[in-house]
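This report concerns only the one structure given below.
Please treat every number below as a calculation from the coordinates, not as lab data. As the structure is a prediction and not an experimental result, all values here were calculated from the model. Methodologically, a virtual Cβ is constructed for each residue, glycine included, from the backbone with ideal geometry; neighbour enumeration extends over all protein chains shown.
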Amino acid sequence: MAALLDEFVLANLSSKFNILSVERSPSSNNILATFEAGFINEYNVDDQKLIHSWPVRHGVNVTSPGIWCDEEEEYICVFNQQEIRRWNVDDNIIEKTRKKNIKTDIYKVFTTEGYKPIVLCKNGAAEFIENIKSICETPVIGSQDSIVYADIIKKQNGFGVIYLVESKNKRTLHCQWYLDDVEQWKHQTFVITYQKTVIDYCCHTDENSNTCLFLLGSEKDLYRINIKESSIEEEFISVIHELGTEASIVCLDNSQIVIAGLLKKGQNGVGIFDTKYCAVQSFKPFPEICKVVPRVFCLNNHIFMNCGKKLYAFPYQFGTSTLSEFLGKSRSVEDNTNSSLHIINWSTKLKSKGNNTVKQLETILNDLIDPSKTQNKSKFSDQFKIFLECLIKGNNSSSISSLQMIQLCQRCLSERKFWPSEELRQLLNHGYISSGISSELIEVLIEKKENSLLHLSLQKLSEIPEACLIQILQYYIGLSDEDFQKNLDIDISTVIEVNQDKCPFGALKAHFIREVLSQPFSDIFLIDKLRKLNFKNVLSLLDFLFYLMATDDNQAVSFSTRPQLQNVIDWISCTIDAHVTQLILSPDARVLLIKLHESVSQQTQFYDGMIELEALLSQYKSKLSNPIKPKIGQYCIEVLHIY
Amino acid sequence: MGEFRVHHVRFFEYQPKPIHCLAYEKKNKQLAVSRSDGSIEIWLPESDWLQEKVISGRSEQSVEAIVWQGKRLFTAGLGGDVTEHNLLTLKPKNSEPCNAGAIWCLTKNFTGTRLAAGTEDGCVVLFDIEMGQLKYLQSFGKQEGRILSIAWHTQEGVIVTGGVDNIRLWSVKSGQAIQRLTLGHQQENQETIVWCLAITSNMTIISGDSRGKTCFWNGRQGTLIKTFSSHKADVLTLSINEEEDCVFSSGVDPLLVGFEFVTTKSGVGNQHWVQSTTQNIHKHDVRAVCFLPNCIVSAGIGTNLCLTQRRRDETISKRIAHIPQNIVHVAKEKKMVMLRYTDYLEVWKLGHTNFTSEKDGEILPLRSNPVKLLQLKCKGQAAILCCGISNSGDHIAYCDEHNLRIYQLSVDEEDYTPKVGLSKITMASEDLRVPIHHLEFTPDGRFIVTATASGYLQLTEINEDRAHVSNTFNVFADGITMLTMSPTGNCVAIVSGDYTISILNITNNTIECNLPKYDHPPRTLRFSPSGEDLVIAYSNNMIFEFDVDKKEYTTWSRRESRRFPNQWFKRQNKVCRITFDPRNDDHLVLQDNMAFVIVDKSKTMPEKKKRIFDKWYKPKKEDAFHQCKKYNFLMYVELLEDDWMLIVERTPLAILNNLPATLKQKKFGT
């Protein structure tokens, strides 16, 4: 797989210049960079040195970037769309070099190995530079059409100039093939079905003359056109989720493209996108903040782009992509289709009464989710009541997908005008809130200080992430005992009395925290998240856990109460592991740690004794258990005691 | 002392045969039972169901009907012959063909002078059995279809036969059918077979047919009085009591259904046959039902006799499971066991272990597994009447109806797999009396003592590869029913046909003594290991010990024999085998079908009323009785040397698994 290496500054520019192109130069270590503002510079990439610079006179626009032609051994450039300039290394002033004017606007001049420079005019005419004058006035494309992209592709028996033409509602690909055997040009036109707006194009031809033209759409979609002798194949590759609003692309090969303008972890940067596995590999953030996404160019195993006042070069390593490298990198598939709120009726009967209920459900759900239709609390509550009634009766709950319920929950949580606590309670009680939205729910409940709803969520939701558990713990520990008394909505009889002298929390607070401690967790993730708990809360939590573990109070931990002793010990272990350094260093924790140590030693002794007892009991069991009649078979010798 | 290492043998695949017919002789109080292999057993119900004699069957002979006439026993079968059996010699005495194909049923007249047989050809054939003869008399007119059931009216003049779709009344005088009763069909095109018949003195005919119905007919008018759909399948057998007011029927549906002739109101006209009782004792088809004076006996495919008695308004049923004696023999010196099947023998070498254990019930790891050394088939597929193996295991002998065959057995155990050699010993003497019903080797193995049922006792000497009769004793006119050899080798004890027990000295050819006669016939007897005492177990479980030298009962026996607890005599299963503990002369091991009891003669007898065999009774070491009920269907218990014991067991389940399938009936939950 290709990997971007650390960038380096190729050139410092005096002001912000937009680079037009980076092309080959006579030496393989050098590049020829053409800047919009009127510079054509040749740089040595390895030495990061400017070798040559050809300034362009003020008022002259470089419309086709400078290129080197091996065949003619000269540089070529187009000024002001109709003036072709040709010079060689020794020439320092471009204005004094050979020029050629043609009557038609030139789109671009191309060079390819073994051939003289080829001129592509904006009217679609393409011809060698010597002959361009003769045909340049013969238009190939219409006056309304414009070339948006063009490139030259090398073939076995010639070459081709391909250019994409866009008109009002149409996009066509024109191929001007030059065949060596007949020394003639052949023109082909293909209609491109892809009609969406394209941000950028790039093209690549491999050693086997397979040509791919990539189109990067404005909707983050990547499209590929395989260009063959007499046909094209269009295919949609993937949606690039990491793409920003602007981007530019360049091909590394037929399956890997460099994209500048990727957004990852809030940073803009450049990365290599693998079209085979549809994932971004090797991302590098832009070295400087760029307001406009810079164009990227690829040459001599380097990616070039100007960022700010510098021209950067990113060397890259090339390699074959393998699946193992992409595992875990591709984002989960998002449903691009309009996630409609259409409720499916699972009834097998064509006409059934259920159909009406389902339609009603759909309507009510749409109203509930759309803030404009249920703007105030009373409307929302009324609709919700009807919705819930419809849902509960007649097994309609199977018609509703979790996606739709998540949207409803999100509406409840994001609603600022009123707080639908009762509705959330109903949803929790009936189990209509999926675990996927638990993080968001808990965050909002903590924000709203809804203790009873939090408590209910812990009871009703499954697979609460450890991060949320720690959030809740943090929140609970931060509250005072009186805070729990407000809006108390739990059965007091379930609250276990605590020993006020030993327990650091009040009964209610302890009850709420017990619920958190009773939730299942993975210790690896929990330790990670526990580190975010502040130290003061850690000490309080440890104190409480110690109380749960070590107190003689029968109510503290027994088989019927939650959390179980094993849970408590796991929590203690994880908490200590997460803050071991702090606990060792802090003098406040000393007493607590000593008490914990003593308690654990006692418990260990006790359980060792229990293990011995277990062995004894199993011996008794085997001695005194009901005898099982042994299978004798046809013959045996057995012991018989008669008296 | 009560610890043993037991060779627990279950590889003896003994399979009792299904019972076909029952016939009870009121005067002699004997019950004849025929089985599917043609054998006939004579049981004494009054003597606690002692099986007195067995007439062995032949493969070509089947018994479809048995009739007693006084002490004479007649059978008939599919061979087409009516056979009279000699109950002394246990051989057929006389045989007369019916000339009408197979005989399906047989009956006799009231006076006992005639037999009537129902045949395959549809004829009723009469036989004259007056004056001790058995002669073909006459044949009635032929009818369509076979005659499957027959009954003779007490007034001599009428015979009722049942066949396919009909019951006919025949005039004995004219030999013609005088009435025909037609039965209905259960299903169209399905014939109704009358499997069994009875007739009362008032000409009420009772029939059991393939529809599962028991019908009562007015024989005079030829009309049907009443039909009872008593069974779900064919009614194969029915029996009427002497008073002619109770009938029991059964069949493929093994329910035993009783009918009674009751009077509803005063007056003759208000008497009806009603269905009274239903007993569910059997699991398999019931082939025969018979009234005894105080109970009803039923038997069939299930192989056991079942008794049904009414006591104080409740009906009690019990099963008489009989394990035949003398089918397992052991050669103690070589630890070999011989198993006798119907027509072949197996000789096995028992396994061995060096391990011991203190834990009761523990199965010890085997050092060597039991090995089947020999399977010896009887020539001509004849039934083996008796067999024996010498103590040293060098000789085996068996007897069929015509021959005594003796073989020399050699077992080379040096290799991992023992090599077995068998060589026949030629029987040189023509004096040998056959068939032999009892056979015993002397302790040294040089002689074989044989006894025929007719009363001949012979001593056969074995000299290497030849054997000859060295002595013949013919002193038992009533026949010999039991024989046992003294360990000293010079005495045998014999039970004759009149239940006299005699001790015979075979060395000097004299009768040492006759034991005092007891009210009940002996069930089994055996000499003690020293040969000084003879222990006898009678049919009522009375145990006597006789001092052979002193020719009187031993002191212990005089003192204790009648002091056994009452519960001992009331045990359902009676002692069928006696063995002795080699480690303790005072120990008697008494085996019945379901348990064995060690009687310690040195201990005091418990009180007579003490219930020492109850489940909840906890035996103590000082008790005189120690019971072991661990094994079901004990076929053989023998104490070998030291603490070794051989127990041959055949579980009821194993026997049941080999029986044919029962009638499928819908049961709750299935």
task: Name the residues whose placed amide hydrogens come within less than 5 Å of the amide hydrogen of B:C378, ignoring near sequence neighbours (fewer than 5 apart) on the same chain.
output: B:Y344, B:L345
Virtual spin-label span in nm between B:E362 and B:E244, 7 Å along Cα→Cβ: 7.1
- request: Could you give me the percent of Cα pairs per 10 Å distance bin for the stretch B:326-474, shortest bin first, beginning at zero and ending with the bin that holds the maximum distance?
  value: 11, 39, 31, 13, 6, 1
- line: Per the charge dipole of the stretch B:564-670 (beta-carbon charges, Lys/Arg positive, Asp/Glu negative, Cα centre), the residue among B:W644, B:F625, B:P660 reaching farthest to the positive end is B:P660
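Applying 1/(1 + (r/R0)^6) with R0 = 22 Å to the Cβ-Cβ distance of B:E464 and B:D642, what FRET efficiency is obtained, to the nearest 0.05? Don't jump to the answer; show the numbers that get you there.
Details: r = 33 Å, r/R0 = 1.49.
Result of the calculation: an efficiency of 0.10.
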field: Rg and Dmax [Cα atoms of the stretch B:19-244; Å; Rg one decimal, Dmax integer]
entry: 17.0, 52
task: First select every other residue whose beta carbon is under 15 angstrom from the beta carbon of A:R57; then total the charges, Lys and Arg +1, Asp and Glu -1.
output: -1
task: Place +1 on the Cβ of every Lys and Arg and -1 on the Cβ of every Asp and Glu in the stretch B:228-355, take the dipole about the Cα centre, and give the residue among B:C290, B:H329, B:L256 whose Cα lies farthest towards its positive end.
output: B:H329
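At 222 nm, what helix-only mean residue ellipticity would chain A give, in deg cm²/dmol to the nearest 500, using -39500 (n - 2.57) for each DSSP H run of four or more? Mind showing how you got there, number by number?
Working: 16 runs with 193 residues, N = 643.
After summing the helix terms and dividing by residue count, I get -9500 deg cm²/dmol.
Nearest 500 deg cm²/dmol is fine: what mean residue ellipticity at 222 nm does chain B get from its DSSP H runs of n ≥ 4 alone, each adding -39,500 (n - 2.57), divided by its residue count? Write down the numbers at each step before the final one.
Numbers: 3 runs with 16 residues, N = 670.
The helix contribution divided over chain B gives -500 deg cm²/dmol.
When only Cα pairs under 8 Å and 6 or more residues apart are kept, what is the percent relative contact order across chain A? Could you put the intermediate results ahead of the total?
Working: 1052 pairs, mean separation 45.0, N = 643.
Here the relative contact order equals 7 percent.
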task: Compute the distance in nm between two label points, each set 7 Å from the Cα along the Cα-to-Cβ direction, one at A:E246 and one at A:E72.
output: 3.4
query: lysines near A:K448 by alpha-carbon distance under 17 Å, same-chain residues fewer than 8 away left out - which ones?
result: A:K377, A:K417, A:K486
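Whole number please: convex hull volume per residue of the Cα set in the stretch B:521-667, in Å³?
Taking the convex hull of the Cα positions in the stretch B:521-667, it is 152 Å³ per residue.
Give me the compactness ratio for chain A, meaning the Cα radius of gyration over 2.2 N^0.38 Å. Before the final figure, lay out each step's value.
Working: Rg = 37.2 Å, N = 643, 2.2 N^0.38 = 25.7 Å.
Cα Rg divided by the expected 2.2 N^0.38 Å: 1.45.
May I ask for the Rg/Rh ratio of chain B, computed from Cα atoms with Rh as the Kirkwood radius, given to two decimals? Mind dumping the intermediate values first?
Working: Rg = 27.1 Å, Rh = 27.1 Å.
Rounded to two decimals, Rg/Rh equals 1.00.
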message: Suppose every Lys and Arg Cβ carries +1 and every Asp and Glu Cβ carries -1, with no other charges. What dipole size does the stretch B:19-244 come out with about its Cα centre, to the nearest 20 debye?
response: 340
query: Placing +1 at every Lys and Arg Cβ and -1 at every Asp and Glu Cβ, with all other atoms neutral, what dipole size does the stretch A:481-624 have around its Cα centre, in debye to the nearest 20?
result: 280
- line: Expected unfolding gain across A:V580-A:L5 under the 0.36 nm per residue rule, minus the alpha-carbon gap, is 203.2 nm
- request: Count the DSSP beta bridges whose two residues both fall in chain B, then state the antiparallel fraction as a percent rounded to the nearest 5.
  value: 95
- prompt: How large is the charge dipole for the protein assembly as shown, taken about the Cα centre, if only the Cβ atoms of Lys, Arg (+1) and Asp, Glu (-1) carry charge, to the nearest 20 debye?
  reply: 4360
task: Could you work out how far apart the two model spin labels at B:K283 and A:S622 are, taking each label as a point 7 Å from the Cα in the direction of the beta carbon, and quote it in nm?
output: 3.7
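If R₀ is 22 angstrom, what is the calculated FRET efficiency for the pair B:N509 and B:D478, using the beta carbon separation as r and rounding to 0.05? Don't skip to the answer; put the middle values down first.
On the way: r = 20 Å, r/R0 = 0.90.
FRET efficiency, B:N509 to B:D478: 0.65.
Would the stretch A:481-624 count as rounded, prolate or oblate if I go by the C-alpha gyration tensor, calling it rounded below 1.5 in a/c and otherwise prolate when a/b exceeds b/c, oblate otherwise?
Details: a/c = 1.95, a/b = 1.33, b/c = 1.47.
Here the stretch A:481-624 falls in the oblate category.
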message: Compute the angle between helix A:466-478 and the longest alpha-carbon principal axis of chain A, please, reported from 0 to 90 degrees and rounded to the nearest 10.
response: 60
message: At q = 0.07 Å⁻¹, what log₁₀ I(q)/I(0) does the protein assembly as shown have when each alpha carbon counts as one equal point scatterer in the Debye sum?
response: -0.87
- line: Projecting the Cα atoms of A:M610, A:L624, A:S599 onto the charge dipole of the stretch A:577-638, where Lys and Arg contribute +1 and Asp and Glu -1 at Cβ, the residue farthest towards the positive end is A:L624
- request: Provide the gained length on full extension for the span A:L179 to A:E422, in nm with one decimal, where the gain is 0.36 nm per separating residue minus the Cα-Cα distance.
  value: 79.8 nm
